[in-house]
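Everything below concerns the one structure shown next.
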Amino acid sequence: MTELFYVFGIGLTVLALVVAFGGMRMENFPSPAIMRAGLALMGVFVLGACAFAIVLSREEQEVRAAEISEFREEEAAEMEAEAGAEAEGGTEPSEPAEPVDAEPEEAEGIELASPDEGDLLFVLPDSETENPTLEAEAGEVTIDYVNPSPVPHNVAIEDGSETVAQGETVTGGAAGPATADLEPGEYAYYCSIPSHREAGMEGTLTVK
């Protein structure tokens, strides 16, 4: 297809040069017969070039669409491979700690969990609200995160572009709390496992 497009284009260029050269060298050029033949031939070249340009444009669009589709498939495969690697290398569920005498905790605890099926989102315990907005008083704030699913998750707290706290990566019902000393304002909480936040595993923490 590309070769034919060039053939029509070159033919149109040659015809234009012939007409220009004849006009300069001959006083009565072109004659009516040559004029009609030239216009007909020029029309053929123009129509041919336009037709092949349209065909080539469509072929180019199909090639680009195929490349985009292939790129998206490779990206999805990489994300699945990363998630699988994290699942295989995730930390083992921690054993419940034995009760010990301790000073009263000053941090304000906020309970947070994930679905049992391993969906990439946060929920409140005994609630189906996805990625809820959490609220806390200023000071030392703790997000008490528990992950009952086999997919590894964690919770981190972000102030602007800086991560100020991050809990352990946990699975199978283990807890991975994150604690930070926060001033009044808006913060983000999210899962730092690669691609989990991009898939929507994040929410807002409002500190009053």
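Every number in this text was worked out from the coordinates using simple rules, so none of it is lab data. Just so it is clear, the structure is predicted and the values come from calculations on it, not from any experiment. As a convention, Cβ positions derive from the backbone with ideal geometry for all residues, glycine included, and neighbour counts pool all protein chains shown.
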Pick out, from Met201, Ala180, Ser149, the residue whose Cα sits farthest towards the positive end of the charge dipole of segment 108-207, with +1 on the Cβ of Lys and Arg and -1 on the Cβ of Asp and Glu. Ser149
Evaluated at 37 °C and 0.692 mPa s, the Stokes-Einstein D of segment 108-207 based on the Kirkwood radius over Cα pairs, in µm²/s, stands at 251 µm²/s
